[in-house]
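Engineer: Dumping the structure here so I can ask a few things about it.
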Amino acid sequence: MMAEDRMLREAVEALAQGQQARARDLLTRLLRADQTNPIYWLYMSAVVETSKESVYCLKNVLRLDPQNRQAQLGLVIQGAIPPPSDLSPAQIPPRFWDQIQSGHSTTSLRKKLVRTIGFTGAGLLVIGLLLIGVFGPGLRLGGIFGMPRLTVTPKFVAGLATATVLPTNTPYHNTPTPTFIGPTPLWLLLDATYTPTPLYVNTPHPISEAFRAGLRAFGNNDYEDMLNYMQQAAREEPQAADIHYYVGEAYRNLNEPALALAAYEQAILVNPEFAPAYLGRARANTALQVMAGVEQDLLQAIELDPDLLEGYLDLAANRLAAGELDLAMEYLEDAERIAPSSPLIYQYQADAYIGAGEFRSALPAAEKAYELDRTSLPIYKLLGQAYLETGEIARAKEFLEIYLSFVQDDGEAYLLFGRTLYELHDFVGARDVLSEAIELQKGLFPALLYRGLAYLELGEGQAAVNDLIAARNIDRQSFLANLGLGRGLLLTSRFADAVSQFSHSEELAGDESQLAAVYYWRAQAREAAGDVRSAVSDWQALLALPPDVVPADWRAAAIEQTLQQTPSPTPVIATPSSTSPPSSTPTPIGTPTTIQPSESKTQPAD
């Protein structure tokens, strides 16, 4: 039996004995080795600490095994999905099925479930289903509902396989998991992120058990114990630069950057050639918002150790924050040569491409980062944005929903999700989500713009006008904001103002499709204002545009309105002096006509 099978059996036995923490630890190790095994995700769903994490795990099961009935049932019980049409009543606990049949919604069912037995109870129910359904009698390892047992092959992570021997004693340095504020996401349950870090030579400290204990605490993200052990080791070996460095790492991860800074500087004092200490000092100063010298420290770190992956990544991150995308990409190329399997490299590349507006280049980079690390929340946001901007709206919704289920204070993410809902014509949802974005980040132009457009679709004219005036005042050159404001004025029966606003929008139109929108809406405003002749001119101008830039329903409306409003030709009675009768054939509707000059272009009233 493979080592993974034995570890899985131990996890199952721990579950059966109620040892949640041990089962979670074992399953975490299995997932670190293989994120594509649905069995691991299924069991992890029963031992995580929150319902959101359980739903996340079960959704991963269905992504890998779409027909998995345990995962479907678990999601139904937790209210994440409605019962599938082929799920029989016998497959759901009766007390819950009865309530569904009697008209209770899945949402109210979930609320009652939480009130009555809480998440722990739901977890126990899932555990019971797992023990019966996956392994069956005797806990025999096997597939899920006949699915062949998966062979687990541990992943090889480049950058972790070979030690880098340096001229100085440079310790093994494990990148700590960043502190997360908010609901605990799944990736915080893992002992380490999937971001590979080059393995450094571990400085021998044969007389210091405290040092070894400190490293073990570091590996477990137990920074308080790590600090205590490393301080003890520093007293025993005050000339060991790496020990002072680890003291700094403990303080930094305990959100004590000033104390961390002192420890890093002590490491540099002991050994000025010790590369990681410069990296640590740069990070501590960044946390203290003392940016002078940060770049110099990072450059010094990679000069002392050209294979220091995190130095290149931090330099790239700093250049991204400064908007220097080309330089960021150069550092990422260096990082990729060192550790081509680091997901942070591709995450930052996607970020850089998005910053440059190159969304089609961003998408494969974000997908590569996701392939390497499905536990990193920022990757879900990047994928959501890349899919949104490249027109894959349904996929954007999927990834942004997962991201926002864990992060509730990111105004930009709410904006992206609001835009996604708008594109899906869920205008009520878009309005509500964009309101969250505006609440979190005041003066967010796209959120005001798209909420205003959503209000238009919902027929809430004055609310649309309010938002679109605010958006236009932030960016007066925005065609969408100006055109939308004209539509809002039309909806609130301010016809003259609407005509003026559409005429101003005409000056901002950048292509024929935008001109088509101006003609379409201004024609309606002019008709409502009683200026039929000018309205006909707009309808005819719309028909004169290439057919592929005019929506079919707009073209049909233009033809209908032109036929209705164009007066019939007046018969001409010939007189003896007439040489020939004038033609009474009207101008074909699709023929371009000379458009009378529009009203003077005026800025819309605030």
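The values are calculated or read from the model by the stated rules, or taken from the named source; none is laboratory data. Remember, it's a predicted structure, so these values are computed and weren't measured experimentally. Counting neighbours? That spans all protein chains shown, and the Cβs are built from the backbone with ideal geometry, glycine included.
Engineer: Name every residue in the range 498-523 that is touching a residue at least 60 places away in the same chain (Cβ under 8 Å) and either of a type in the set (Val, Ile, Thr) or not assigned by TED's automatic domain parsing to the domain that holds Gln540 (or both), in order of residue number.
Structural biologist: Val499
Engineer: In the range 418-467, how many are closer than 15 Å to Leu490 by Cβ and of a type in the set (Asp, Glu)?
Structural biologist: Result for the range 418-467: 2.
Engineer: Could you check Gln349 against (1) under 11 Å from the mean Cα position of the chain (by Cα); (2) without any contact (Cβ under 8 Å) to a residue 24 or more places away in the chain and say which number it fails?
Structural biologist: Here Gln349 clears every test but (1).
Engineer: Condition (residue is free of Cβ contacts under 8 Å to residues at least 40 places away in the same chain, within 18 Å of Ala317 (Cβ to Cβ) and β-branched (Val, Ile, Thr)) applied to the range 382-395: is it met by at least one residue? If you could, list the steps in order and put the result at the bottom.
Structural biologist: Of the range 382-395, the ones free of Cβ contacts under 8 Å to residues at least 40 places away in the same chain are 382-395.
So of that shortlist, the ones also within 18 Å of Ala317 (Cβ to Cβ) come out as 382, 385.
From what is left, the residues that are β-branched (Val, Ile, Thr) are none.
Scanning the range 382-395 turns up no residue that is free of Cβ contacts under 8 Å to residues at least 40 places away in the same chain, within 18 Å of Ala317 (Cβ to Cβ) and β-branched (Val, Ile, Thr).
Engineer: Also: So Ala516 fits all but one of (1) modelled with pLDDT under 95; (2) crowded, with 21+ Cβ neighbours inside 10 Å; what number is the exception?
Structural biologist: (1)
Engineer: Going through Asn255, Asn228 one at a time, which residue ends up being assigned by TED's automatic domain parsing to the domain that holds Ala292, over 22 Å from Val294 (Cβ atoms), of a type in the set (S, T, N, Q) and in contact with a helix residue (DSSP H, G or I) (Cβ under 9 Å, 6 or more places away or on another chain)?
Structural biologist: Asn228
Engineer: Still on this model: Output the residue which, of all residues in the range 383-420 that are out of contact with any helix residue (DSSP H, G or I) (no Cβ under 7 Å at 6 or more places or on another chain) and either aliphatic (A, V, I, L, M) or on the phi < 0 side of the Ramachandran plot (or both), is modelled with the lowest pLDDT. First the steps, then the outcome.
Structural biologist: Going residue by residue through the range 383-420, those that are out of contact with any helix residue (DSSP H, G or I) (no Cβ under 7 Å at 6 or more places or on another chain) are 391-392, 394, 398, 401, 408, 410, 412.
Checking which are either aliphatic (A, V, I, L, M) or on the phi < 0 side of the Ramachandran plot (or both) leaves us with 392, 394, 398, 401, 408, 410, 412.
Working: Glu392: 97, Ala394: 96, Glu398: 94, Glu401: 93, Gln408: 89, Asp410: 94, Glu412: 95.
In this case the residue turns out to be Gln408.
Engineer: Looking at Asp297, is it more than 30 Å from Glu389 (Cα to Cα) and either modelled with pLDDT under 95 or not hydrophobic (A, V, I, L, M, F, W, C) (or both)?
Structural biologist: Yes, satisfied.
Engineer: Continuing with the same structure: Could you list all residues from the range 437-484 that are assigned to a loop (DSSP other than H, G, I, E, B) and aliphatic (A, V, I, L, M)? Break it down into steps so the answer makes sense when it comes.
Structural biologist: From the range 437-484, those assigned to a loop (DSSP other than H, G, I, E, B) are 441-444, 458-460, 475-478; that's our starting set.
Matches in the range 437-484: Leu444, Leu458.
Engineer: Report yes if Ser45 is among the small types (Gly, Ala, Ser), closer than 12 Å to Ala71 by Cα and at pLDDT below 85, otherwise no.
Structural biologist: The answer is no for Ser45.
Engineer: Can you find, within the range 492-549, the residue that is nearest to Gly452 (Cα to Cα) among those that are of a type in the set (A, V, I, L, M, F, W, C) and outside any helix (DSSP H, G or I)? Let's see the steps before the verdict.
Structural biologist: Keep residues of the range 492-549 that are of a type in the set (A, V, I, L, M, F, W, C), which gives 495-496, 498-499, 502, 508-509, 515-518, 521, 523, 525, 528-529, 532, 535-536, 539, 541-545, 549.
This time we only want the ones that are outside any helix (DSSP H, G or I), so: 509, 529, 545.
On the way: Ala509: 19, Ala529: 24, Leu545: 28 Å.
The residue in question is Ala509.
Engineer: Quick one: which residue in Ala352, Ala396 is in a helix (DSSP H, G or I), more than 29 Å from Ala33 (Cβ to Cβ) and in contact with a Gly (Cβ under 7 Å, 6 or more places away or on another chain)?
Structural biologist: Answer to the selection: Ala396.
Engineer: In the range 36-70, which residues are hydrophobic (A, V, I, L, M, F, W, C) and more than 19 Å from Ala14 (Cβ to Cβ)?
Structural biologist: Val55, Leu58, Val61, Leu62, Leu64
Engineer: So how many residues does the range 238-273 have that are assigned to a loop (DSSP other than H, G, I, E, B) and among the small types (Gly, Ala, Ser)?
Structural biologist: 1
Engineer: Can you name the number of the only condition in (1) in contact with a Ser or Thr (Cβ under 8 Å, 6 or more places away or on another chain); (2) surrounded by 19 or more Cβ atoms within 10 Å (Cβ to Cβ); (3) modelled with pLDDT under 85 that Thr50 fails?
Structural biologist: The single condition Thr50 does not satisfy is (2).
Engineer: Let me ask something additional. Would you be able to tell me the number of residues in the range 64-101 that are farther than 24 Å from Met44 by Cα, at pLDDT below 50 and not aliphatic (A, V, I, L, M)?
Structural biologist: Summing the residues that are farther than 24 Å from Met44 by Cα, at pLDDT below 50 and not aliphatic (A, V, I, L, M) in the range 64-101 gives 8.
Engineer: Pull up the range 238-296, narrow it to residues that are of a type in the set (D, E, K, R) and over 33 Å from the mean Cα position of the chain (by Cα), then point me to the one that is surrounded by the most Cβ atoms within 10 Å (Cβ to Cβ).
Structural biologist: So the residue we want is Asp242.
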